[in-house]
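Readers should treat all values here as calculations from the given coordinates under stated rules, not as data from a laboratory. Note that the structure is predicted; figures quoted are calculated from it, not measured. Because the Cβ atoms are built from the backbone with ideal geometry, glycine has one as well, and the counts that use them run over all protein chains shown.
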Amino acid sequence: MPVFFQSRAGRQCVSIVGLGITLWLLGALLQLDDSLVFFMTGFGEYGADKLVLALGIAGAMSFIYSVLRIADLRKETELRAAAQAKADWTATHDHLTKLPNRYAFERKILSRPIKDDEDQIEEWDENVTLFSVDLDGFKKVNDLVGHKGGDILLIEVARRICALGNADCVYRFGGDEFIIVAFALTAQREERFAKLLIQAVTRPIHIDGFAVEVGASVGYDRWAEGTEPLEDAAHRADLAMYEAKSRGPNHYFVFEPAMQDKVTERAALETRLRAAISSKAIKPFYQPLIDLKTGQLCGFEALARWISDDGVNIPPPVFIDIAEENGMITALFEDLLAQACSDALTWPDHVMLSFNVSPVQMEDRLLTSRILKVLAASRLPPQRLEVEITENALIQDPVVAAVILDELHAAGIQIALDDFGTGYSSLAQLARYHFDKIKIDKSFIATYRGDERQEKIVRAMLGLGRSLNIKTTAEGVEEHGQLAFLLQLGCDIGQGYLFGKAMPAAEAGIFISDRNASLASTA
Ligand code: C2E
Ligand code: CA
Ligand code: CA
């Protein structure tokens, strides 16, 4: 039925035409036409015939007018229907890839085929598996080939995913995240499909003369039809995808209940962390840094410590990670730095304060001004502060990182490259940026003995520091044997349990006086 006749105006038009025909038939049946002729001849001298003629002409004109209006109305109704269809498409599709979006996915649950059609019964009674795909390293591609290049990549990735299965069931959930609904896959085929997805996405894509590559993390799970909305299965597929992502690029996982427990625990910890930050329950502890040539204390590294209300010591990598992810890192950092600066003021002038800066903070253009503000408030000279950054912090956003390092240097703050040797571009970083110190990761110090290759690597790292005129610190010194080895190779500074673990501010004060006393007695 044409759209017009479905509208109110269309229905009214049909009713009026119907009523007119009925009246005409009734008039013909009751022979009203004869009465009309009688009326016209009987009252002709009073102009009755002219009145009927005028009414006839008025009727014809109204008819023509109505037809024209109806034509207009019909056109308007059709235009409105087309605009509605377009708006519907826009609301349910992603403009770039033309794939249906999250909203379309949510609506799909509502408009799921009703089981009265034989074909559809088969399709929906089979397994339904949801795959969640998230690209790895997409941000880097955007940096390399610009946003237009990034768009081309997303379109190509969408095309490749669609080519693997039913294009109708691939959704773009925003950013670089896709959801695929697949039917009737056995467990083996699900795994194969996950691998295929990774293979399809990771093949190089040519953009502006560059062969660009991205990775893919995939998670999946089955939909328990009838007992849950489709969205719940998509959520589980997402959790499995996050687990895959945490293992590095190009991994896939099927959902396991432990993943949900992990997320729930993490969410609870996040709430507690928020409270701990605002009540300043997280404190800096200080681990001594020893000048190996003189045996003197030359600094303390501030390490965050959080002992929760139930007395459990929560490891820094756990809560720092949550703070980074939830935007709490800046508040935590400023608080800890302020406490550490005021503690450092009580130490002798030659004792430096080393402070860790997390990779997320190296994307913050205001980092230097934040640090300088804390220093100014505490009156600690910038020359007594050293920030420790890891290689990972330099690869997130190298341009901003370079600006921050320059600003810190210009302010007189020292910079140490932390966990040296564990990142994936150590030498490139050394050539590119100016560091005052490199800290050899404790994993090398712990394992060098009995492993000739590790020993050679430690030697090479110390040699590198010497030839670049950068001081070296060895982390994780636990035994006298390690100390002797490092001394023999000319390492500048040592840090580790052999000298002392991280301790509260009060103990750090005692450590300073004890160390001075023992040095004086051996002198
Ligand atoms: P990191 O910067 O490499 O800190 C050194 C870690 O090695 C510390 O662990 C320290 O306790 C540990 N360590 C020191 N000497 C030895 C030793 O002889 N043997 C062994 N096995 N370990 C030793 P901690 O305090 O658990 O911190 C772990 C990581 O958490 C730090 O690694 C750092 O990346 C991060 N972190 C700690 N505090 C902060 C902070 O305030 N801000 C930021 N952004 N990160 C922090
Ligand atoms: Ca450190
Ligand atoms: Ca370290």
What is the set of long-range amide H partners of residue 252 at a cut-off below 5 Å, with H atoms built 1.01 Å from backbone N?
218
Hey, with R₀ at 60 Å, roughly what FRET efficiency would residue 83 and residue 350 work out to, going by the Cβ-Cβ distance, to 0.05?
0.20
Under 5 Å between amide hydrogens, which residues at least 5 positions from residue 93 or on another chain qualify, with H placed 1.01 Å from N in the peptide plane?
101
J(HN,Hα) series, the stretch 492-502, from Karplus relation 6.51 cos²θ - 1.76 cosθ + 1.60, nearest Hz, glycine and proline x:
7, 10, x, 9, x, 4, 4, 8, x, 7, 5
Ordering of 510-520, 379-389 by packing [mean C-beta count within 10 Å, highest first]
379-389, 510-520
Could you tell me which of the pairs 139/283; 195/262; 86/195; 293/456; 280/373; 108/140 are separated by over 27 angstrom between their Cα atoms in the structure shown?
139/283; 86/195; 108/140
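Express in nm, to one decimal, how much length is gained between residue 91 and residue 266 on full extension, taking 0.36 nm for each residue of separation and deducting their alpha carbon distance. Could the numbers behind the result be given before it?
On the way: separation 175, 0.36 × 175 = 63.00 nm, distance 3.38 nm.
Contour length minus the Cα-Cα distance gives 59.6 nm.
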Per residue of the stretch 503-509, what does 6.51 cos²θ - 1.76 cosθ + 1.60 with θ = phi - 60° give for ³J(HN,Hα)? Whole Hz please, x for Gly and Pro, Karplus curve as stated.
10, x, 3, 4, 5, 5, x
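Can you give me the orientation-averaged projected area of the convex hull built on the Cα atoms of the stretch 2-92, in nm²?
Details: hull surface 29.3 nm².
Seen from a random direction, the Cα hull of the stretch 2-92 projects 7.3 nm² on average.
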Between the alpha-carbon centers of the stretch 36-53 and the stretch 249-270, tell me the distance in whole angstrom.
92
R0 of 22 Å, Cβ-Cβ distance residue 43-residue 23: FRET efficiency to nearest 0.05:
0.45
For the stretch 215-230 and the stretch 289-316, what is the separation of their Cα centres, given in Å?
44
HN-Hα J couplings of the stretch 367-373 from phi, Karplus 6.51/-1.76/1.60, θ = phi - 60°, integer Hz, Gly and Pro as x?
3, 4, 5, 4, 5, 5, 5
Want the number for residue 293 to residue 326: 0.36 nm per residue separation, take away the alpha-carbon distance, what's left?
7.6 nm
Taking the alpha-carbon centroid of each part, what is the distance from the stretch 455-473 to the stretch 145-196 in angstrom?
46
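Among 7-15, 220-228, 410-418, what's the highest-first ranking by average C-beta atoms within 10 angstrom per residue? Don't skip to the end; give the middle numbers.
Working: 7-15: 13.6, 220-228: 15.7, 410-418: 19.6.
Taking the mean over residues of other Cβ atoms within 10 Å, the ranking is 410-418, 220-228, 7-15.
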Give the relative contact order (percent, whole number) for the chain; include only Cα pairs under 8 Å separated by 6+ residues.
9
Using label points projected 7 Å from each Cα along Cα→Cβ, tell me how many nm separate residue 65 and residue 366, to one decimal.
6.8
Can you order the peptides 19-27, 295-303 by their average number of other Cβ atoms within 10 Å per residue, highest first?
295-303, 19-27
May I ask you to derive the relative contact order of the stretch 382-512, considering only C-alpha pairs under 8 Å and at least 6 residues apart, and to give it as an integer percent?
18
Which shape class, rounded, prolate or oblate, goes with the stretch 23-69 when its Cα gyration tensor gives a ≥ b ≥ c as root eigenvalues, a/c under 1.5 marks rounded, and past that a/b bigger than b/c marks prolate?
oblate
Mind running the shape call on the chain? Use the C-alpha gyration tensor, a ≥ b ≥ c as the square roots of the eigenvalues: rounded below 1.5 for a/c, prolate if a/b tops b/c, oblate otherwise.
prolate
Long-range amide H partners of residue 356 with built H, under 5 Å
302, 388
